[in-house]
Amino acid sequence: MAAYDEAIVERKKTCEELRTRESWMTDAGYAKIQTGLQDTECAILFKVGDTGLAGGTVFHTSSGGRHGMESSPEIISNLEWGCYNVPVSAKGRDIGTGAGNNALMLGENCESYNGGETVFPVVDKFVVNGYDDWIVPSRGELDRVEHYVNLEESLGQGGDGWELPNYMWSSTIILNYPNTKAYAKNLWTSKGAMADRAFRLSVMPVRSF
């Protein structure tokens, strides 16, 4: 008898169905699915100001909106930059250079000046809605974030002279002070600062998608 090659015909899921979260999915698993769909015909084409995949604000786009960067929906406070009085080379300041700065600084294993936590390892372990690929933004990324995030009440002034919670760290050093200072910005007042890396500031992590 002749053998027959019978093709298996399956219904193709719609983009809406592919993006539907099933009850058994973990946050991390669903985040992985959402991220993967950005390289398919089901990609969401984001615009700056949109809510991103992780729930933050999209502040930069590329590839027609398929990819870009978003800020975190959460701010982390009370963190030193680290490596005070240590020469480091995290000089990247443009959009897209933050990841390189973070890789450099994680390799430095910076110590705290005052015995607290430092920003790079904290952000490296940061997870929001299943997304764990956050970084400390470069100066250019932080400056761009300011134009699109809507912040409510300020975080105050701190109480011991070392803490300035309204200022957000960037991952970019100040070139004239490579041993002691990094760029920071108050997103409520738009005021930039050459901040001593021993101060405890806040950070608004960002991620690429």
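Couple of notes before you dig in:
- In terms of overall dimensions, the stretch 51-123 has a Cα radius of gyration and Dmax of 14.6, 45 angstrom.
- Heavy atoms of CYS15 accessible to a 1.4 Å probe, total area in Å² rounded to 10: 50
- For the stretch 42-184, the Kirkwood hydrodynamic radius from C-alpha pairs, put into Stokes-Einstein at 4 °C and a viscosity of 1.567 mPa s, yields a diffusion coefficient of 81 µm² per second.
- Accessible area (Å², 1.4 Å probe, nearest 10) - GLU10: 150
- Paramagnetic label zone (point 7 Å from Cα along Cα-to-C-beta, ASP132; backbone N under 11 Å) in the stretch 45-87: none
- Radius of gyration and Dmax over the Cα atoms of the stretch 120-209, both given in Å: 13.1, 39
- Carbon and sulfur %, accessible surface of the chain computed with the full protein complex present, 1.4 Å: 48
- With each label modelled as a point 7 angstrom along the Cα→C-beta vector, the CYS42-THR189 pair spans 4.8 nm.
- The three principal axes of the C-alpha atoms in the stretch 79-160 carry coordinate ranges of 35, 35, 26 Å, sorted with the longest axis first.
- The orientation-averaged shadow of the Cα convex hull for the stretch 1-52, equal to a quarter of the hull surface, comes to 6.2 nm².
- At a probe radius of 1.4 angstrom, the accessible area of the chain per residue rounds to 55 square angstrom.
- FRET efficiency for ALA103 and LYS125, using Cβ-Cβ distance with R0 set to 22 Å, rounded to 0.05: 0.90
- Sequence of TYR113, TYR148, TYR167 from largest to smallest accessible area, 1.4 Å probe: TYR113, TYR148, TYR167
- Label-to-label distance, nm, for residues given as GLU22 and ASN176 (7 Å Cα→Cβ offset): 5.9
- Ordered from longest to shortest, the equivalent ellipsoid semi-axes for the stretch 168-209 are 18, 13, 10 Å, each the square root of 5 times a Cα gyration tensor eigenvalue.
- Cα pair distances exceeding 23 angstrom across the stretch 1-101, given as percent: 51
The values are calculated or read from the model by the stated rules, or taken from the named source; none is laboratory data. Every value quoted in this text rests on a predicted model; they were computed, and no experiment measured them. We place every Cβ from the backbone using ideal geometry, glycine too, and count neighbours over all the protein chains shown. Surface accessibility is based on the protein's heavy atoms, side chains included, excluding ligands, DNA and RNA. Shrake-Rupley method; radii C 1.70, N 1.55, O 1.52, S 1.80 Å.
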